[in-house]
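Nothing in this text is a laboratory measurement; each read-out follows from the coordinates by a stated rule. Because the structure is a prediction, the values reported are computed rather than measured.
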Amino acid sequence: MKLVHREYLRLAPTAYGAVLLDSKSGAYWELNPTSATIVGTLLDGGHAEDATRRLTEEYDVDAERAAADVHALLAAMAEAGVVAA
């Protein structure tokens, strides 16, 4: 999956994670810390596997759970039109 209109997406850190803003549409999403890590990885050009690896490095979570979380977030982002296959 790849980010749609990546050049319009901005990730702004907050005290509770981050906010992802689509500056083209004005839509935004509040992200918890793990979701912010996943989205940050994607914005840096990474893929789902890279995001899974970052989660296991930064949080106390095994690879299976991290991969499930990444895929769940990607599915939600696809439904919102932020990522495409």
Subject >> Estimated Rh, the chain: Kirkwood, alpha-carbon pairs, angstrom >> reply: 12.8 Å
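Tell me the relative contact order for the stretch 1-83 as a rounded percent, counting alpha carbon contacts under 8 Å between residues six or more apart.
Values: 104 pairs, mean separation 21.1, N = 83.
About 25 percent, as a whole number.
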Subject >> Residue-wise HN-Hα coupling along the stretch 46-59, computed from phi with Karplus coefficients 6.51, -1.76, 1.60 (Hz; x: Gly, Pro) >> reply: x, 10, 4, 5, 5, 5, 4, 4, 4, 4, 5, 7, 9, 10
Original post:
To the nearest 500 deg cm²/dmol, what mean residue ellipticity at 222 nm is calculated for the chain from DSSP H runs of n ≥ 4 alone, each contributing -39,500 (n - 2.57), summed and divided by the residues?
Top reply: -14500 deg cm²/dmol
